[in-house]
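Novice: This is the structure I have questions about; it appears just below.
Bear in mind these aren't lab numbers, they're just calculated from the coordinates by the rules spelled out. Note that this is a predicted model, so its numbers are computed, not measured. Ideal geometry is used to build each Cβ from the backbone, glycine not excepted, and the neighbour counts take in all protein chains shown.
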Amino acid sequence: MIFLFTDFGAGDLYVGQVKAVLHQRAPDASIVDLLHEAPAFNVKASAHLLAALAARIPAGSVTLAVVDPGVGGARRPVAVLAEDRWFVGPDNGLLSVIVARAGKSEVYPIGWNPANLSASFHGRDLFAPVAGMLARGDRRSARLGKKTKLAESFGEEDLAEVIYVDHYGNVMTGLRSDGVARNRSFVVNKRDIRYSRVFSEVEQGGVFWYGNSLGLVEFAANSGNARQVLGAAPGDRVR
């Protein structure tokens, strides 16, 4: 299976091009869209969101992850093997939270290059072909170099920032909820937010925080839009 995590936008023309390459390189692989609305250009927020999503990705799979504002620059392309799962993407910190939290991980620079590499679409021209190679078990063709360390890393610590806002207006943070006492409250844009277990325990329109299905602290409003109430966006600090 090949999982896709990008900031390309599901309704734009980029995802289809990537899938066309994957079908060419690994025609028997199933392709699963994890997310194509990752916080645009925000590598740190995306790295924490990807790490939370990765817990549900099965062993033996390949994840193509691209949030790459430095595309065409000096950052390296890398393949990471973490807990028997491959991740392919730029060495700009995007894969670093997964590596930092994994019990076992290996990082390899990618040596393969296409005959024609566009300056601005390495997701299609470089990362997708390599993901396809790994998905079909052809590690040799990917020309992976000697094991190395990531050049950019955000570490394993939680991120006290907004990392994603869904279409309901629920505001997700990079804080793992297991580490937060339920009697603690949060402040976002000067608004105090207290804990509730589920939506139905809060009055309609009321804002609260809870541990979401990914195990992260999330701010929500019962039958309402927490983003609008809080004025929150990816990158905003929470305390």
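Novice: If a/c stays under 1.5 just call it rounded; otherwise compare a/b with b/c (prolate if a/b is bigger, oblate if not). Do that for the range 9-76, with a ≥ b ≥ c from the square roots of the Cα gyration tensor eigenvalues. Numbers along the way, then the final one.
Specialist: Numbers: a/c = 1.61, a/b = 1.19, b/c = 1.35.
Here the range 9-76 falls in the oblate category.
Novice: A further question follows. Residue by residue through the range 204-215, which ³J(HN,Hα) values in whole Hz follow from phi under the Karplus form 6.51 cos²θ - 1.76 cosθ + 1.60 (θ = phi - 60°), with glycine and proline marked x?
Specialist: Each residue of the range 204-215 in turn: 4, x, x, 9, 8, 10, 8, x, 7, 5, 8, x Hz.
Novice: For residue 142, what residues show an amide H to amide H distance below 5 Å, using hydrogens built from the backbone and excluding near sequence neighbours?
Specialist: Residues meeting the criterion, in which the H sits 1.01 Å from N, do not exist here.
Novice: Which percentage, to the nearest 5, of the DSSP beta bridges contained in the chain is antiparallel?
Specialist: Details: 29 of 42 bridges.
Antiparallel: roughly 70 percent of the beta bridges in the chain.
Novice: Hey, another quick one. What ³J(HN,Hα) values, in whole Hz, does the Karplus curve 6.51 cos²θ - 1.76 cosθ + 1.60 give for the range 134-145 when θ = phi - 60°, with x put for Gly and Pro?
Specialist: Along the range 134-145, the couplings run 5, 5, 8, x, 9, 5, 4, 5, 6, 6, 6, x Hz.
Novice: Pairing the Cα long axis of helix 43-54 with the longest principal axis of the chain, what angle in degrees results, from 0 to 90 and rounded to the nearest 10?
Specialist: Between helix and principal axis, roughly 90 degrees.
Novice: Related question: Please state the relative contact order of the range 139-239 as a whole percent: Cα pairs under 8 Å, 6+ residues apart?
Specialist: Values: 178 pairs, mean separation 31.8, N = 101.
Reported as a whole number, the value is 31 percent.
Novice: Using a cut-off of 10 Å between beta-carbons, work out the net charge of the residues near residue 118 (Lys and Arg +1, Asp and Glu -1, residue 118 not included). Please report the intermediate quantities before stating the final value.
Specialist: On the way: positive: 124; negative: 125.
For residues surrounding residue 118, the net value is 0.
Novice: How do 172, 1 line up, fewest other C-beta atoms within 10 Å first?
Specialist: Values: 172 23, 1 15.
Exposure proxy ranking, most exposed first: 1, 172.
Novice: Sort 106, 218 by Cβ crowding within 10 Å, fewest neighbours at the top.
Specialist: On the way: 106 14, 218 22.
Least to most surrounded, the residues fall as 106, 218.
Novice: Amide H of residue 175 versus every other amide H placed in the peptide plane: which residues, excluding those fewer than 5 positions away on the same chain, fall under 5 Å?
Specialist: 159, 161, 217
Novice: Same structure, new question: Per the helix-only calculation at 222 nm, which mean residue ellipticity applies to the chain, given -39500 (n - 2.57) for every DSSP H run of n ≥ 4 and division by its residues, nearest 500 deg cm²/dmol?
Specialist: Rounded to the nearest 500, it is -5000 deg cm²/dmol.
Novice: Here's something else I'd like to know. Any chance you could count the Lys pairs in the chain whose alpha carbons are under 24 Å apart, treating pairs 8 or more apart or on different chains as valid?
Specialist: Values: 44/104; 44/147; 44/149; 44/190; 104/146; 104/147; 104/149.
For the chain, qualifying lysine pairs total 7.
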